[in-house]
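The values are calculated or read from the model by the stated rules, or taken from the named source; none is laboratory data. All of these numbers come straight from a predicted model, not from anything done at the bench. Remember, those area values only see protein heavy atoms, side chains included, never the ligands or the DNA or RNA. Shrake-Rupley method; radii C 1.70, N 1.55, O 1.52, S 1.80 Å.
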Amino acid sequence: MLMMMFPGRFYGALCWEKPKFGWVKCNVDTNVFASQGKTGFGCVLQNSKGCFLAARCAGMAGNFRAREAEALDICEALSWLKGLQFPCVFIEIDCLQVFQALVEEFSGPNGFGLIIKECRSMNFAAHSVARAASSMSGPQEWNSVPPLWLLNSL
């Protein structure tokens, strides 16, 4: 299960909160280094006690606007999280435009709209697999070839 949150503010400062028991929190952030033509992505995972679990960073060449860079960072984080296979992940971001685009029915023909669509499709496929688990007799795994019922979600 994946949840996304735009953190509340308390007197202008961000207040980090631990995730609920059984969940991990992935804080995602981006830095745009316009003068260098680079963007840096970062993710940090912590458990319900606030203990460090993992972190990841990556860089990408290119001059991106902040919202496109933040959206790309979410895609990077989702891709990374898929490989870690935590059952319940809470993603926290600090870009309201990206949050709203992800939770609302935003779509657009521009780069930002296409990135948002990609992020949604990554989570939609995972959500479809999680829903299918309720109708299976035990654990299932697919390698290289997805099950037919998943093809429309990919």
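Per-residue accessible area (protein heavy atoms, 1.4 Å probe) orders Ser107, Ser35, Ser79 as Ser35, Ser107, Ser79, starting from the largest. Couplings 3J(HN,Hα) of the stretch 59-64, computed from phi: x, 9, 6, x, 9, 9 Hz, in residue order, whole Hz [Karplus 6.51 cos²θ - 1.76 cosθ + 1.60, θ = phi - 60°; x for Gly and Pro]. Rounded to the nearest Hz, the phi-derived 3J(HN,Hα) couplings of the stretch 72-82 under the Karplus curve 6.51 cos²θ - 1.76 cosθ + 1.60 (θ = phi - 60°) are 4, 5, 4, 4, 4, 5, 4, 5, 5, 5, 4, where x marks glycine and proline.
Backbone amide hydrogens, once placed in the peptide plane, bring Ala54 within less than 5 Å of Leu45, excluding anything fewer than 5 places away on its chain.
Straight Cα distances below 27 angstrom link Lys49 to the lysines Lys18, Lys20, Lys25, Lys82, with same-chain residues fewer than 8 positions distant left out. Annotation: amide H of Lys38 within the under-5 Å range of Phe33, Gly62, sequence separation 5 or more or interchain, hydrogens built in the peptide plane. Taking the centroid of alpha carbons for each part, the stretch 30-56 and the stretch 70-93 are 11 Å apart.
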